[in-house]
Amino acid sequence: MPDEITFTIDGVQVKAKPGQTILQAAIDAGVYIPYLCYFPGMKPYGACRACLVEVEGGRGAPASCTTPVAPNMVVKSDTPLVKALRKGVLELLMSEHPHGCLSCHRIELCGPQDICLRHVRVTDRCVVCPKNERCELKDTVRLVGISMELPTSYNYRNLPIHTQDPFYDRDYNLCIVCARCVRACDELRGDDAICMVERSGKALVGTSRGTSLLESGCEFCGACIDVCPVGALVERDYKWEKAAHSVYTTCPNCAVGCQMKLEVDRWQRVIRAVGDWNGEANHGQLCYRGKFGLDFANKAEQLHYPLVRRDGRLVEATWEEALDVIAQGLAPHKGEAYALLASPRSTNEDAYVAQKFARTVMGSNSVDTSTDSRPELVLGLADMLGVHAATGSTWQLLGARCTLVVNSNTTEDHNVMAVPIKQAHRKNGQKVIVVDPREVELTRYADLWLRPRPGTEVALIGGILRALLDESLEDKDFVYKSCEGIEELTRSLAHLDLVRVEGVTGVPQASIRQAARLFAKERPGAILYALDNVASEDRLALVHALVDLALLTGNVGKPSSGLFPLRSGTNEQGAWDVGCAPSFLPGYRPVADAAARDEVGKAWGASLPSAPGLGVRSVLAGLREGRVKAVQVIGDSPTFDAEALDALSQAQFLVVHEHFLSDLAKRANVVLPLSTFAQAQGSYTSLERRVQLVRRARSARAEEQPAWRALAQLAQRMGVKGFEYQDPGQVFGELAALMPAYRGLSHERLSKGGVQWPCPEEGHSGTPVLLAEGLGAGKAKLTPVESPKAPRESPAEYPLLLAPGRVLAQTQREMQVVSVEGLNRVQRDEVVELHPSDAAALGVAAGDMLEVAATSGARIRAVASLTGQLPGVVSITTLFGQLASQLQASSAPDRMLRVPGLEVVPVRLEKVAAS
Amino acid sequence: MTHQQSALRERIRQAITTQPQSFSTILSSLLAVQDALGWLPEEAIEEVAAHSGGTVNDVWAVASFYTNFRFTPPGRHVVEVCWGPTCHLKGAQAILDEVQRALGLEHEGDTSDGGVSLKYNTCLGACSQGPVIMVDHAIMGNMTSAHAHEAVARLDKSDGNHASQHGA
């Protein structure tokens, strides 16, 4: 096949790539052909017929979106025939869409109150449509040039407008049936939550039997809204608001690093987020958190001025006063009594200045990110491979033949990470293996779902390793060349025969063998893991076993393979990179290494503390024990539960940088008003090591400041040099100079797009796959697998473990959608699955109404079903729609900060009523 | 899940899994269920989705496309009136009007008591005897308004109690 095809369009010779359609080639060549149903990135569909062209020597007028380019083809897109056909097509479309304004030459001049010379009803005018000025139909009609010859009457469908589901409003009276939304839901998201219903003149978008999106399998990602060319699908918040300007930025709500366009109105409110189709981390996709979780940037409750505790009450103060109080308050606590916790949303610049502040001003290595409660995710990887981040790239997962997902609720916690997995599974039959006691969305896609007894994950992965070696399925070349310690590993697995593994984990031997075969044979393969519900003492061992598995199968250092630790905090990766971690200086120089301390200290003109620092878990413990006395916390965090807040209130001096007067801020001695991500300029590093810019979308409303600036001012007030930063670009310049992996980066470079580190010099294009050049000088050391420990004892009064699950659709469950205060809610009985042996012991029969009581005091009513697979483990799987309506109704200023997770907890069952 | 529902699901699954051809599609499964039950209850959409590995929305897209699928239980009796070209020329409109009057209907559909389902048919294949109607799969030709009225009215009388449920 030739690399390029030459053809002629409208008399101009242009080049196209093989396989391109006429429309795609025309778009690339800058020739305008109108289209409405085609959308770049989705398969051609040929529904709207607006893109008709004439091809010399061909018959009729084919749709350019479905006709592939052929060499020497002569295409005409502006003949009288094409123009007439196109006009006819659009007139037909408009016959069911209000169009009095669309076809009027005064459209750009009219306001909603103006007298209309054509007597178009106010409700039919473009100015009252939520998509006005963003409408593709309008643009298309204008460009095709249809003027007033059309009568203003049209066939109104008279359908009810759906306004009760979370986040979206749907008005199918405005729909032009291009099916972009249906295809986005199917092709891009793999959800099929909506479909085309009926046919011919009645065909329209809908759901099965017209049910609410809550039960149709919708994940509320907003992909359908982003592709809708008209006003049929819109975000409910700020529905009619118009953007005054827009800014491309990085989503602050998880570590995937999605790029988005933020639309900002003339009152500087962030009104909308649209996925950036050029964003390499997300390819235009967002999720419920990114699409509908940014309103915290607009809240009136935002703090604008510093607050200082006087006589037990927090009162407003000037920055000078507040900084003085902090300087005084911190002075007695220099050294190990001081700790600083950065926010998961802190930028690289914030995190860098924070750790520099803690180390040089306060002389303490106790700096961490508040969400970093599972450092083993990455430490385990670093132990064996020497890298501190995911070794591969998110969208290369499209090319993986097999993906193993271990204890991760990916679709909820790192949503867009799951998109390439789902796409590849549906398009190319990519194999998906899920290891999780909980039923999560990806288990519905899994070819194999291994459901171990909670707490036995290490033994299960050990079993997979054993099966793999028993059947001699390892990548022998790779192991020979790149690994050592295979004998020790084999020996350690001797005690893990599959009979025993089955006994411990409850996973059938056959499934373990199947998993080993699948993962060994379907290469390249990738491993995603979040360590949800894995006890802290098991985490390192589990990560080591997973790295063993990746190494044995040769899935390291190759495209579409690798290990992906799914960190929870948005910028935890970046924070670690820049040294905002207790055991690392910038660039992963160990704190314990005196030469490294000297090197960094010299650059900073300071001597650095050598005492090891505390991570977030130890800081909280240290507070309870009184070892830690002064704490500075940037931002609220989902991990601050009642227990953590209690520990933090025991600090003798607590400084909090916060957006809102949160429960955390209420406990502080001084609260400094913190800029939101929308007011900040800086960079985030995503979990795939992609450094991307966070751009300012709105200015500060009063005196709120980014953390880096507040800390720099504080350092200066405390008389420490080295914090004379003028802007975040300067901070980035300093940190990049210190870190080989960031050396080629600058804000200017990042303004052209994100780059995956290492990027050692300016011209370097970044590194999508780590360890591609091999595993360095030494070989990777395989880690022996520990023999399984006795399972954790549950408290006697709560003898069972509850594995809660959540999925998008549960078609075989009876449910009702009711309207509560104008919003849809799912109403149904939950079902608790328990093993027949537990049921017999408790005297429970199928259909009995039970109450599931947890140690926390939470109680859930559920109907018993004796379908549980494991004795001692019960499960309840809820519907994502229930969570979505809960989030929609939430009154918290930052509703996506604390999305309830799926925690395995000890419970007991009580019978409420027999069936 | 009540016993009645699981029995219904069992019938549906039976219909789906005992299709004679070697591979099944969403469409073939829907047809099999409609043949077995006479209509497609909500459970049928769900079971076909589970069987085909798609979502309920995938199945609904197919089911709602074809006008021959019913989503409500059919009446005890089915009356079809042919309005194909031949019957039309031979006076089908008058027959249709009469049948509708007798059933108290204005369009296709079911009588309010669920006793009779009226369907339009584009050709019953008995043009030589037009106008034609079909009552419970029995073709009746050379209809007059009076005959049609009688045929339909007899149905009503012969089966006064239509309260019983179908398919469930």
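Conditions (1) crowded, with 17+ Cβ neighbours inside 10 Å; (2) in contact with a Phe, Trp or Tyr (Cβ under 9 Å, 6 or more places away or on another chain); (3) more than 14 Å from every other protein chain (Cβ to nearest Cβ), marked per residue:
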residue	(1), (2), (3)
B:G54	yes, no, no
B:V79	yes, no, yes
B:D113	no, no, yes
B:K119	no, no, yes
B:T122	no, yes, yes
B:G130	yes, no, yes
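Restricting attention to region A:247-274, which residues are farther than 27 Å from A:T371 by Cα, without any contact (Cβ under 8 Å) to a residue 60 or more places away in the chain and not charged (D, E, K, R)?
Scanning region A:247-274 gives A:W267, A:I271.
Test A:G206 against the stated conditions and say whether it is within 14 Å of chain B (Cβ to nearest Cβ) and surrounded by 24 or more Cβ atoms within 10 Å (Cβ to Cβ).
Numbers: within 14 Å of chain B (Cβ to nearest Cβ): yes; surrounded by 24 or more Cβ atoms within 10 Å (Cβ to Cβ): yes.
Answer is yes for this residue.
I need a count of the residues in region A:280-312 that are among the hydroxyl-bearing types (S, T, Y) and touching a strand residue (DSSP E or B) at 6+ places or on another chain (Cβ under 8 Å).
Filtering region A:280-312 for residues among the hydroxyl-bearing types (S, T, Y) gives A:288, A:305.
With the extra rule that they be touching a strand residue (DSSP E or B) at 6+ places or on another chain (Cβ under 8 Å), the set shrinks to A:305.
Counting residues in region A:280-312 that are among the hydroxyl-bearing types (S, T, Y) and touching a strand residue (DSSP E or B) at 6+ places or on another chain (Cβ under 8 Å) gives 1.
Could you check region A:174-273 for helices (runs of 4 or more DSSP H) lying wholly inside it with 2 or more residues that are among the basic types (K, R) and modelled with pLDDT of 95 or more? Full working, then the answer.
Values: elements: A:180-183, A:213-216, A:223-227.
In region A:174-273, the matching helices (runs of 4 or more DSSP H) lie at A:180-183.
Which one is surrounded by the fewest Cβ atoms within 10 Å (Cβ to Cβ), of the residues in region B:15-39 that are of a type in the set (S, T, N, Q) and more than 17 Å from B:A49 (Cβ to Cβ)?
As a first pass, look at region B:15-39 and keep what is of a type in the set (S, T, N, Q): B:17-19, B:21-22, B:24-25, B:28-29, B:34.
Within this subset, residues satisfying the condition of being more than 17 Å from B:A49 (Cβ to Cβ) are B:18, B:21-22.
Numbers: B:T18: 9, B:Q21: 8, B:S22: 5.
The qualifying residue surrounded by the fewest Cβ atoms within 10 Å (Cβ to Cβ) is B:S22.
Can you confirm whether A:L150 is surrounded by 19 or more Cβ atoms within 10 Å (Cβ to Cβ) and touching an Asp or Glu at 6+ places or on another chain (Cβ under 8 Å)? Talk me through it step by step, then tell me what you get.
Details: surrounded by 19 or more Cβ atoms within 10 Å (Cβ to Cβ): yes; touching an Asp or Glu at 6+ places or on another chain (Cβ under 8 Å): yes.
Judged against the criteria, A:L150 is a match.
Report whether or not A:L623 is in the same structural domain as A:V367 (by TED's automatic domain parsing), within 22 Å of A:I326 (Cα to Cα) and not in a loop (DSSP other than H, G, I, E, B). I'd like the intermediate steps shown before the answer.
Values: in the same structural domain as A:V367 (by TED's automatic domain parsing): yes; within 22 Å of A:I326 (Cα to Cα): yes; not in a loop (DSSP other than H, G, I, E, B): yes.
Judged against the criteria, A:L623 is a match.
What number of residues in region A:792-840 are exposed (fewer than 13 other Cβ atoms within 10 Å of the Cβ), more than 13 Å from every other protein chain (Cβ to nearest Cβ) and of a type in the set (D, E)?
So the count comes out to 3.
I want to confirm something. Restricting to region A:127-138 and keeping residues that are assigned to a helix (DSSP H, G or I) and at pLDDT 90 or above, which single residue is surrounded by the most Cβ atoms within 10 Å (Cβ to Cβ)? Before you say what the answer is, go through the steps one by one.
Here is the first cut: in region A:127-138, the ones assigned to a helix (DSSP H, G or I) are A:127-128, A:136-138.
Narrowing the set further to residues that are at pLDDT 90 or above leaves A:136-138.
Values: A:E136: 19, A:L137: 25, A:K138: 22.
Filtering region A:127-138 for residues that are assigned to a helix (DSSP H, G or I) and at pLDDT 90 or above, the one surrounded by the most Cβ atoms within 10 Å (Cβ to Cβ) comes out as A:L137.
Being within 14 Å of another protein chain (Cβ to nearest Cβ) and over 19 Å from A:C228 (Cβ atoms) narrows it down to one residue among A:R199, A:R189, A:R183; which is it? It would help to see each step written out before you state the result.
Numbers: A:R189 fails: over 19 Å from A:C228 (Cβ atoms); A:R183 fails: over 19 Å from A:C228 (Cβ atoms).
Result: A:R199 is the single residue among A:R199, A:R189, A:R183 that is within 14 Å of another protein chain (Cβ to nearest Cβ) and over 19 Å from A:C228 (Cβ atoms).
Please name all residue pairs, on different chains or six or more residues apart, with Cβ atoms under 7 Å, provided the first residue is in region A:37-57 and is in contact (Cβ under 8 Å) with a residue 60 or more places away in the chain and more than 18 Å from A:V205 (Cα to Cα) and the second residue is in a loop (DSSP other than H, G, I, E, B) and of a type in the set (A, V, I, L, M).
Qualifying pairs under 7 Å: A:A50/A:L36.
Output the qualifying pairs, or none if there are none: Cβ atoms under 9 angstrom, residues six or more apart or on different chains, first residue in region B:108-120 and more than 20 Å from B:A92 (Cα to Cα) and not assigned by TED's automatic domain parsing to the domain that holds B:A151, second residue surrounded by fewer than 18 Cβ atoms within 10 Å (Cβ to Cβ) and of a type in the set (A, V, I, L, M, F, W, C).
none
When only residues in region A:81-124 that are of a type in the set (A, V, I, L, M, F, W, C), assigned to a loop (DSSP other than H, G, I, E, B) and out of contact with any Gly (no Cβ under 9 Å at 6 or more places or on another chain) count, which is farthest from A:R49 (Cα to Cα)? I'd like the intermediate steps shown before the answer.
Going through region A:81-124, the residues of a type in the set (A, V, I, L, M, F, W, C) turn out to be A:81-82, A:84-85, A:89-90, A:92-94, A:101-102, A:104, A:107, A:109-110, A:115-117, A:120, A:122.
Next, from what is left, pick out any that are assigned to a loop (DSSP other than H, G, I, E, B): A:101-102, A:104, A:107, A:109-110, A:115-117, A:120.
Then keep just the ones that are out of contact with any Gly (no Cβ under 9 Å at 6 or more places or on another chain); that gives A:101-102, A:104, A:107, A:109-110, A:115, A:117.
Numbers: A:C101: 22, A:L102: 19, A:C104: 23, A:I107: 25, A:L109: 30, A:C110: 30, A:I115: 35, A:L117: 32 Å.
Here the answer is A:I115.
Please state which one of B:F23, B:F65 is away from chain A (no Cβ under 11 Å), within 25 Å of A:R426 (Cβ to Cβ), aromatic (F, W, Y) and free of Cβ contacts under 8 Å to residues at least 12 places away in the same chain.
Numbers: B:F65 fails: away from chain A (no Cβ under 11 Å).
Criteria check complete, one pass: B:F23.
Step by step: first the residues of region A:557-592, then only those that are of a type in the set (S, T, Y) and touching a strand residue (DSSP E or B) at 6+ places or on another chain (Cβ under 8 Å), then the one that is surrounded by the fewest Cβ atoms within 10 Å (Cβ to Cβ). Which residue is that? Spell out the reasoning first.
Initially, region A:557-592 is screened for residues of a type in the set (S, T, Y), giving A:560-561, A:568, A:570, A:583, A:588.
Within this subset, residues satisfying the condition of being touching a strand residue (DSSP E or B) at 6+ places or on another chain (Cβ under 8 Å) are A:560-561, A:570, A:583.
Details: A:S560: 23, A:S561: 26, A:T570: 29, A:S583: 18.
Here the residue is A:S583.
Kindly list, by first and then second residue, each pair from a residue in region A:310-339 that is within 23 Å of A:G615 (Cβ to Cβ) and assigned by TED's automatic domain parsing to the domain that holds A:A707 to a residue that is among the polar types (S, T, N, Q) and assigned to a helix (DSSP H, G or I), limited to pairs with Cβ atoms under 9 Å and residues at least 6 apart or on different chains.
Pairs that qualify, where the first residue is within 23 Å of A:G615 (Cβ to Cβ) and assigned by TED's automatic domain parsing to the domain that holds A:A707 and the partner is among the polar types (S, T, N, Q) and assigned to a helix (DSSP H, G or I), are A:A339/A:S618.
Name, by its number, the condition in (1) without any contact (Cβ under 8 Å) to a residue 40 or more places away in the chain; (2) in a helix (DSSP H, G or I); (3) away from chain B (no Cβ under 13 Å) that does not hold for A:V141.
(1)
The values are calculated or read from the model by the stated rules, or taken from the named source; none is laboratory data. Note that the coordinates shown come from a computational prediction; the quantities given were computed from them, not determined experimentally. All Cβ positions, even for glycine, are placed from backbone atoms using ideal geometry, and neighbour counts span all protein chains on display.
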